[in-house]
Structures are given as structure tokens and as C-alpha cells.
Amino acid sequence: TGVQTCALPIFLRPNVRANRALAPSRWRPVSSNVRPQKTPHRDRTMHPSSTLAIAVAKSERWMNESIDLLNELAFSFTPRKALAVALLHLSIEHRKAILVSVKHGLTGSAHALLRPQLESAVRGFWVVDHASDSDIAKFAGGAEPPRIDKLLTDLKSSERFDGSLLASVKDKNWKAMC
């Protein structure tokens with residue numbers, strides 16, 4: 001009849017064409033006179049020596065070291081700190097998901113996470129440095145925070161964060177992120 005398909009995501013599937021002898025029989029044609037169907041996907045794993053693979057490996061090392069440092073931090077609980085930690089943790093999760101997506105050739109998914117990653121970082125920094133107690137109460141209660149341009153304007157006057165750098169990233173890339 002034809003090739004039976006596998007429910008695994010493409011990046012978890014073995015390269016059947018290159019390793020036909022090693023592939024499970026359910027991935028081969030039922031009879032020898034039936035040609036295998038062409039898969040619509042190409043192998044999306046990166047070659048280990050590619051420039052992108054090297055950059056992803058460096059970024060993964062940085063991410064793991066950062067997470068190790070962050071896991072050692074302790075702080076007293078306040079609504080401001082809890083909200084900031086939640087937002088900044090979300091930004092880190094998005095960044096990690098971007099790395100995993102890029103590593104497996106899922107660049108569209110990685111690109112879709114760029115804007116929420118930037119927004120959660122900017123919001124987290126703003127909560128730490130500029131949000132009033134009433135802003136925090138509203139935001140924690142489900143209200144929308146101020147627009148990102150307002151947050152970045154506030155962060156530009158920050159002594160703790162480089163709001164100019166974040167604004168530059170936003171200005172150069174925002175249209176592509178939307």
C-alpha cells in the first residue's frame with residue numbers, strides 16, 4: 001500500500017533514507033515494488049560545525065550558567081518582586097524555547113517567540129524600577145500594563161537597566177516581530 005507514517009515530530013525522527021537498514025520496518029514500504037513516499041519535510045537538524053550550531057551552543061552554555069546563578073538567588077517576598085520574577089522568568093523560558101526551536105530548525109516558531117520574550121523582559125525590568133504600587137496591583141489583577149513605548153521611555157532614565165539598548169532592539173526589530 002505505502003509507507004506508514006510515524007507520529008513523532010520531524011526533528012525526533014531518524015533519517016530514514018540515510019539509515020534504511022537501521023530504520024524500523026514500519027517506516028519502510030510494505031512491499032519492495034512500492035516506492036516510498038517523499039516526505040514534505042527536510043531533515044532540519046543543524047550540522048554541528050555550522051556557524052548557527054556554534055552560536056546556539058554558546059547561547060545554551062550562557063543560558064545554563066545564567067539559570068544556575070539565578071537558582072542560587074533568594075529574596076524576600078513582595079508583590080513587586082514576585083511579579084518581576086514571574087515576568088523575567090517567562091522571558092527566560094521564551095529564550096530557552098527559542099534556542100530549542102532554532103536548534104531543531106523550527107525558525108518560524110522561534111521567531112514567533114521573539115516579541116513575547118522582549119515584552120516580558122521589558123515589563124519585568126519596568127516592574128522592578130518604575131512601576132508604582134498601584135500599577136503592580138492593577139497589572140497583577142489582570143489589567144494591561146502601559147504600552148511598550150511608555151515602558152521603554154521609563155527605562156531609558158533607569159540607572160539599573162540599559163533602557164536605550166532595549167529601545168534600540170525594539171526600534172530595529174518591532175515591525176518584523178508583529
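The values are calculated or read from the model by the stated rules, or taken from the named source; none is laboratory data. Quick caveat: nothing in here was measured; it's all calculated off a predicted structure. For accessibility, only protein heavy atoms count, side chains too; no ligands or nucleic acids. Shrake-Rupley method; radii C 1.70, N 1.55, O 1.52, S 1.80 Å.
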Worksheet item: If you roll a 1.4 Å probe over segment 56-178 with all protein chains in place, what percent of the accessible area is carbon or sulfur?
Response: 57 percent
Worksheet item: Could you give the accessible area per residue of segment 57-178, probe 1.4 Å, as a whole number in Å²?
Response: 62 Å²
Fill in: Thr107 accessible area, assembled protein chains, probe 1.4 Å, Å²
90 Å²
Worksheet item: How big is D for segment 129-170, in µm² s⁻¹ as a whole number, if Stokes-Einstein is applied with the Kirkwood radius of its Cα pairs at 20 °C and 1.002 mPa s?
Response: 196 µm²/s
Worksheet, complete the sentence: Computed curve, segment 70-178, Cα-only Debye sum without solvent term, log₁₀ I(q)/I(0) at 0.14, 0.15 Å⁻¹, is -0.60, -0.69
Worksheet item: In terms of modelled amide H atoms, which long-range or inter-chain residues lie less than 5 Å from the amide H of Ser158?
Response: Gly163
Worksheet item: How big is the gap, in Å, between the Cα center of segment 123-175 and the Cα center of segment 51-75?
Response: 24 Å
